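Working notes, structure below.
The values are calculated or read from the model by the stated rules, or taken from the named source; none is laboratory data. Computed from a prediction, not measured in an experiment: that's the story for all the values here. No Cβ is skipped: glycine too gets one built from the backbone with ideal geometry, and neighbour counts run over all protein chains shown. Ligands, DNA and RNA are excluded from the accessible area calculation, which covers all protein heavy atoms including side chains. Shrake-Rupley method; radii C 1.70, N 1.55, O 1.52, S 1.80 Å.
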Amino acid sequence: MEARDSELEKELNATLQARSELGPEYESALIDSFLEKVDRRLDETLDRRVRRHLAEQQITVARGARAPQEPMANFGERFGFGIISLVLAIPLSAIGVANAGIEGLVVAWLGIVGVNVAQVVRGRPSSRRPEGRTKSDWTD
């Protein structure tokens, strides 16, 4: 990375020298040119890092391990869904009781619990094998 930093430093020095020779009327164009070079350098670095990260994930998956997941990756989504379902439970409970009594309350809460269970199940990775495949690809 030091070689790249020295390249940027050379570019900056050349830009500053060109500004002193050309004068302040070309300052905007010189700055834009330098910033484009910095932007290109950042894009190249980011592309390289993304490619490396994707390759590491593909290697991990190819070796049979699951793709790495952060344990708190979807915590906000799950937490938000839980809060929203509890907030909506209040008017749904009132509507259920007003229309059908205790049976309406039970139906409303069964629906709320069912939706939350479906959300939890949807968020978990499936451990089932695709149909038509045996335990091992090497056996007949």
Original post:
Taking Ala3, is it at pLDDT 85 or above, more than 30 Å from Gln119 (Cα to Cα) and of a type in the set (A, V, I, L, M, F, W, C)?
Top reply: no
Inset, instruction - Examine the range 68-75 for a residue that is modelled with pLDDT under 85, touching a helix residue (DSSP H, G or I) at 6+ places or on another chain (Cβ under 7 Å) and of a type outside the set (Ser, Thr, Tyr), and state whether such a residue exists. - result: yes
Filtering the range 8-53 down to residues that are among the charged types (D, E, K, R) and touching a helix residue (DSSP H, G or I) at 6+ places or on another chain (Cβ under 8 Å) yields Glu11, Arg19, Glu27, Lys37, Arg41
Check: When you look at Val38, is it within 30 Å of Ala118 (Cα to Cα), open to solvent by less than 100 Å² (accessible area, probe 1.4 Å) and part of a helix (DSSP H, G or I), yes or no?
Finding: no
Restricting the range 57-67 to residues that are at pLDDT 75 or above and open to solvent by less than 100 Å² (accessible area, probe 1.4 Å), the one farthest from Val115 (Cα to Cα) turns out to be Ile59
